[in-house]
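Only one structure is covered here, and it is reproduced in the block below.
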Amino acid sequence: MAASLIAPKNSFLVQRMLRSLPRQSVALAAILSRHQTTWALVSTVDATPYPFQWHASPSTARNFTSKSPPPPPINNYDYEGKALQMLHQIHNQFVSLMSGRDYPLVLPKLWSLTTQFVQAYLQLPSLNLASEFCQRTRILQYLADCNDQLQVDIQILKGNIVLEEEKMKNSLFPFLIEIRRDLLQCIAISNYNKDGAKNYEALKKLDSTLISQVFTSFFQIPDSLTLRQIDTASSHSILERLVQYEAVHPVDSVHQLTTRLGPNNQRRVYSLFHQESLPNQPLVVLYVALLDAIPSTMDEIHNLPSNDLSPPPTVATFYSISSHCSGLASLGLGESLIERAAKHLQTETTPIDTFCTLSPLPSFRSWLMERFLINDYTDIPAPSKNVLDAIKSNVSNCSLGNPAATIKDLSPFEILKSALDLLSQQVCLGGRTCLGDQTTTGPKWDSDTQKLYKSLEPWLIQIAAQYLAVVKKDGGRPYDSVLRFHVGNGAILYKLHSAADTSLFSWQNSFGIMVTYKYDLRMKLLNQTNHWQNSEIPLGPDIQLLLSSVDNSTIQDQDR
């Protein structure tokens, strides 16, 4: 469906809308009246049904401050003006409720106006953060400017809603997910834009209102969500969404996905659903493998036997958790799903007594290569002399375009950088499976390259331990996003595994290294409290040993 908004500044339509806005919208009126010819983005939108999908490019963040000229008109229907008018009329209905009007008389009008606002907002073009004419951005800014009044209106609604209106309330849930997804993108771009500090604070307050007053209190997220197990009997639309949104270990087709769903008894897939409004849309998905020991490689999970294990499995390994709904971020869905899945597994006849993960380090390789690029080795321990000699020897045996005599004269920094560069080159040649004996799209590594990787392993594992346990972002939070999630949920940083995932995807993220986080359900709450109050990261014995063996000297010290 095509949607447009084109209006000269002095048109009757604009003047009527500006007069109708409440006082809180002064900032919006100033924005709208700033443009001499047009004040909207004209575009074509695909009016697809729920669930919504946002398709904006991440690169738009870099172009947010650029000014793009308004496009030519398509038609004259004013969806933005209608949405703003509906918001104003909705507020008037809340004023009527506060003045003591009969609630049963006001409610139908309130829901009718809300529906019209939802329809008008969804007719607007998708969020375009690169354009100052983005209509959805201005709607969100208007709501942020009215945040104080919005909180009062929500409290009035919560105090008057009755059971008969639950169906109408649930019908708004998909729209609220969509509008919060837009809001989070606006927040991210306002934080990125040095001139957007004021907008950033206002938008953050609006997001806090949506989290605390709407999703958590009004909709009781995540407690109101339903846990369901997904298997081969689930609908094809659900399975297709799993293929589309799987981010940790991507799959290419529903057929390939079915190997993770069974038919044997060693795999589980759990998800949370909002049964009333989105019964066929998984909101967050957890993949589980049942084994008789904590796994150290993805091959142990992928190659589970087709028949039941004997003896029965005792370890539940969470090897992937993927959010399918960015509009519900930071609402505890992942934490709730893991806790519910663990309790469900404990009720089964299989005696599961250990819960752990096999998790990626999604930013480890990029972080390490950036350290080399900017010559900053603050958090990078130097390899021991024996390890460095082994690396140097294997670098000399590989084709680097440098004679052996030159290799001997390289500094430790140059040797390590050459070794990492060489491995990266070989990965590109080796195809999707780069560390194993077989490859799918290219030749396997030669023996010299395998030896080079083996010589680097002890040093890479030490750096990975330092990266997870020590390296912090600005603000003092752990640098690694997966660690922040699991440790924030009460897990223990338990053990690191080299060459645990031989896919090209994993190599590009973490040199094939993976990590196990262990969930001790008895200590979960205490670990969680200590982490959030004291920034503590509980460590397993293997991680403690790695950190204690780290040489305090850095690469710069060896270069001297």
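Per-residue surface analysis assigns Asp145 an accessible area of about 50 Å², computed on protein heavy atoms at 1.4 Å probe radius.
Within the shell of other residues whose beta carbon sits under 13 angstrom from the beta carbon of Tyr517, the net charge comes to 0, with Lys and Arg scored +1 and Asp and Glu -1. Using a simple spin-label model with pseudo-atoms 7 Å out from Cα toward Cβ, Ser363 and Asp148 lie 3.6 nm apart. Translational diffusion coefficient of the stretch 173-287 (Stokes-Einstein, Kirkwood radius from Cα pairs, 37 °C, 0.692 mPa s): 201 µm²/s. The candidates Tyr79, Tyr287, arranged from most to least accessible area with a 1.4 Å probe in the full protein assembly, appear as Tyr79, Tyr287.
Heavy-atom accessible area, probed at 1.4 angstrom with all protein chains present, ranks Met523, Met298 as Met523, Met298, highest first. Sorting the Cα pairs of the stretch 236-351 by distance into bins of 5 Å, from 0 upward, gives 2, 11, 21, 23, 20, 14, 7, 2, 0 percent per bin. Once the Cβ-Cβ distance of Val254 and Asp520 is raised to the sixth power relative to R0 = 35 Å, the FRET efficiency obtained is 0.45. Just to verify a number: what accessible area does Asp299 come out at with the full protein assembly present, 1.4 Å probe, Å² rounded to tens? Taking all protein chains as shown, Asp299 has close to 80 Å².
Building the convex hull from the alpha-carbon atoms of the stretch 449-509 and averaging its projection over directions returns 5.0 nm².
Using a probe of 1.4 Å on the protein chains alone, the accessible area found for Tyr245 is around 50 Å².
The values are calculated or read from the model by the stated rules, or taken from the named source; none is laboratory data. Note that the coordinates shown come from a computational prediction; the quantities given were computed from them, not determined experimentally. So basically every Cβ, Gly included, is an ideal-geometry build from the backbone, and we count neighbours across all protein chains shown. Calculation scope for accessible area: heavy atoms of the full protein, side chains included, ligands and nucleic acids excluded. Shrake-Rupley method; radii C 1.70, N 1.55, O 1.52, S 1.80 Å.
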